[in-house]
Amino acid sequence: MSRIAQTFAALQAKGRKALIPYVTAGFPFADITPELMHGMAAAGADIIELGVPFSDPMADGPVIQQAGEQALAAGVGMKQVLGMVRAFRERDGRTPVVLMGYANPVERYDLMHGTDAFVRDAAASGVDGILIVDYPPEECEAFAGKLKAAGLDLIFLLAPTSTAQRMDQVARVASGYVYYVSLKGVTGAGHLDTAAVAQMLPRIREHVRVPVGVGFGIRDAATAGAIGKVADAVVIGTRIIQLLQDQPREQAVATVAGFLRGIRAALDA
């Protein structure tokens, strides 16, 4: 059983929901990410999504795009991201880490370091799951198999427009959890309709047997608490990046940790 599956099983046994914060690796400072990750875990994060900076992130809104551009300008690429996970693992062997990004950095890493180098090095670094936004399920069964053999979960996005056929395709290869994008649009866009989410999740669960996390549009404790009543996990990204913008280094970790403690309390209420 993967570390992600173990985490969800332990939470479900206690009747609790998973808190999954997202941060772009290398933002707002190139070397602060492991420290931020430790702060998130201490504040109640159950799984951490670590964004891999990419120059053309089609699913991300302007806030996360800008964070990625800043990290890229600071020299943060896949090699550095894996190093951040290794540094985090020196003190935390429990909290699952999911890399979230796009196909280009993964495939470029293999071109530079050899066939299947990404899967090998991600596993060795302590990564637990991979979410590649632009890998459709019908085209990555071989990749999913390689990840599974290395003990890694492959996580997919589902959306309000996902058909039953698409859900079945995802169900065949997904593990760990699926990430339901609650809005039509990019990260940070629109208004979250909790009633619509509540209506969609039973449809997803008819096809998908892994836990379902919900993200896009969750910005505060109230919306997190409402989503936590129907989802297995709550994913928060854009709001965390906004909190980190223009934050002095000495206050960055405490600011994010304080925010997440409020979300954790709402989920546990």
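The values are calculated or read from the model by the stated rules, or taken from the named source; none is laboratory data. Computed from a predicted structure; not experimentally measured. With ideal geometry, Cβ positions are generated from the backbone for all residues, glycine too; neighbour counts draw on all protein chains shown.
Failed condition for Pro202, given (1) without any contact (Cβ under 8 Å) to a residue 24 or more places away in the chain; (2) surrounded by 23 or more Cβ atoms within 10 Å (Cβ to Cβ), with all others met?
In the conditions (1) without any contact (Cβ under 8 Å) to a residue 24 or more places away in the chain; (2) surrounded by 23 or more Cβ atoms within 10 Å (Cβ to Cβ), Pro202 misses (2) alone.
So Gly68 fits all but one of (1) in contact with a strand residue (DSSP E or B) (Cβ under 6 Å, 6 or more places away or on another chain); (2) in a loop (DSSP other than H, G, I, E, B); (3) not aliphatic (A, V, I, L, M); what number is the exception?
Unmet for Gly68, out of (1) in contact with a strand residue (DSSP E or B) (Cβ under 6 Å, 6 or more places away or on another chain); (2) in a loop (DSSP other than H, G, I, E, B); (3) not aliphatic (A, V, I, L, M): (2).
State which residue pairs qualify: first residue under 22 Å from Asp31 (Cβ atoms) and inside region 234-261, second residue in a helix (DSSP H, G or I) and among the acidic types (Asp, Glu) in any location, beta carbons under 9 Å apart, and separation of 6 or more residues or different chains.
Ala252/Glu35; Val253/Glu35
If Ser175 satisfies all but one of (1) touching a Lys or Arg at 6+ places or on another chain (Cβ under 9 Å); (2) modelled with pLDDT of 95 or more; (3) closer than 23 Å to Thr33 by Cβ; (4) buried (at least 19 other Cβ atoms within 10 Å of the Cβ), what's the number of the condition it fails?
Exception for Ser175: condition (3).
What number of residues within region 198-214 are among the charged types (D, E, K, R) and outside any helix (DSSP H, G or I)?
Residues that pass the stated criteria total 2.
Of all residues being of a type in the set (A, V, I, L, M) and surrounded by fewer than 20 Cβ atoms within 10 Å (Cβ to Cβ) in region 1-20, which is nearest to Ala45 (Cα to Cα)? Just the residue, please.
Of everything passing the filter in region 1-20, Leu11 is nearest to Ala45 (Cα to Cα).
Restricting to region 96-119, what's the tally of residues that are closer than 23 Å to Ile64 by Cα and free of Cβ contacts under 8 Å to residues at least 60 places away in the same chain?
Taking region 96-119 and keeping what is closer than 23 Å to Ile64 by Cα, we get 96-109.
Of the ones still in play, those that are also free of Cβ contacts under 8 Å to residues at least 60 places away in the same chain are 99, 101-109.
So the count comes out to 10.
Considering region 230-255 alone, what residues qualify as being of a type in the set (D, E, K, R), modelled with pLDDT of 95 or more and outside any helix (DSSP H, G or I)?
The answer is Asp232, and nothing else.
Quick one: in region 149-161, which of the residues that are modelled with pLDDT of 95 or more and out of contact with any strand residue (DSSP E or B) (no Cβ under 7 Å at 6 or more places or on another chain) is surrounded by the fewest Cβ atoms within 10 Å (Cβ to Cβ)?
Ala149
Evaluate region 195-204: report whether one residue or more is closer than 25 Å to Val23 by Cα and touching a Gly at 6+ places or on another chain (Cβ under 7 Å).
No: region 195-204 contains no residue that is closer than 25 Å to Val23 by Cα and touching a Gly at 6+ places or on another chain (Cβ under 7 Å).
So which residues in region 217-234 are more than 17 Å from Tyr22 (Cα to Cα) and surrounded by fewer than 18 Cβ atoms within 10 Å (Cβ to Cβ)?
Ala222, Lys229, Val230
Being of a type outside the set (A, V, I, L, M) and modelled with pLDDT of 95 or more is the filter here, so list the residues in region 43-62 that pass it.
Going through region 43-62, the residues of a type outside the set (A, V, I, L, M) turn out to be 44, 46, 49, 51, 53-57, 60-62.
Within region 43-62, Gly44, Asp46, Glu49, Gly51, Pro53 meet the criteria.
Taking region 26-57, which residues are within 16 Å of Gln247 (Cα to Cα) and small (Gly, Ala, Ser)?
Result: Gly26, Ala30, Gly39.
Looking only at region 12-61, count how many residues are free of Cβ contacts under 8 Å to residues at least 60 places away in the same chain and among the aliphatic types (A, V, I, L, M).
So the answer is 7.
Check off (1) out of contact with any helix residue (DSSP H, G or I) (no Cβ under 9 Å at 6 or more places or on another chain); (2) touching a residue at least 24 places away in the same chain (Cβ under 8 Å); (3) of a type in the set (A, V, I, L, M, F, W, C) for Met84 and give me the number that stays unchecked.
(1)
Looking for something farther than 19 Å from Gly176 by Cα and either touching a residue at least 24 places away in the same chain (Cβ under 8 Å) or surrounded by fewer than 18 Cβ atoms within 10 Å (Cβ to Cβ) (or both) - is there at least one such residue anywhere in region 120-136?
yes
Of all residues in region 18-43, count the ones that are more than 15 Å from the chain's Cα centre (by Cα) and not in a helix (DSSP H, G or I).
Counting residues in region 18-43 that are more than 15 Å from the chain's Cα centre (by Cα) and not in a helix (DSSP H, G or I) gives 8.
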